[in-house]
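Here the structure is laid out as structure tokens; the discussion comes afterwards.
The values are calculated or read from the model by the stated rules, or taken from the named source; none is laboratory data. Note that this is a predicted model, so its numbers are computed, not measured. FYI the Cβ positions are ideal-geometry reconstructions off the backbone, even for glycines, and counts take in every protein chain you see.
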């Protein structure tokens, strides 16, 4: 992984990065042709493409789009932060949400959160260096009668205790290895 000067960790090598920027450049050329004389009109579609290509909207891509469309980076940043479906940070492959609603809090949810922080070396809102796990807080998952509750992507874990955390994390580590294993 290479760390950019602005603090964003790029999880791709130079060759992969160049390929992604080439793909983005080709898309921008088509979008600019579709909106002749209205570069800002092409911007929404271009931002969707950036997010699709990179998985989020890195600063380097905003600068690239700014140069290609002659739209100020500040305007691009404004759009990227206004719409909640855009992200300026890499998204984890497995998003973990712990509930801090009343029932989960009373049932020991804080202990689950502390165990996750210790196991992952993360604070709330963080993503592991390998991009595998992200840790978020929610106020209710709608499972109050089964508290404390934790969610990993779409999977819900009920009646959680800290001792279950390592096994659950290992399940996703194994799943991730199967998903990224290339065919031989």
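Here is how the numbers come out for the structure above:
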item: Residue selected from segment 8-40 under the condition over 27 Å from residue 91 (Cα atoms) and surrounded by 15 or more Cβ atoms within 10 Å (Cβ to Cβ), by the criterion modelled with the lowest pLDDT; result: 39
item: Top-ranked residue of segment 67-80 - restricted to ones that are outside any loop (DSSP other than H, G, I, E, B) and surrounded by fewer than 17 Cβ atoms within 10 Å (Cβ to Cβ), ranked as nearest to the chain's Cα centre (by Cα); result: 77
item: Residue among 44, 62 that is at pLDDT 85 or above, in a helix (DSSP H, G or I) and surrounded by fewer than 18 Cβ atoms within 10 Å (Cβ to Cβ); result: 44
item: Residue 56 vs. criteria in the same structural domain as residue 146 (by TED's automatic domain parsing), closer than 28 Å to residue 154 by Cα and either surrounded by fewer than 16 Cβ atoms within 10 Å (Cβ to Cβ) or at pLDDT below 95 (or both); result: no
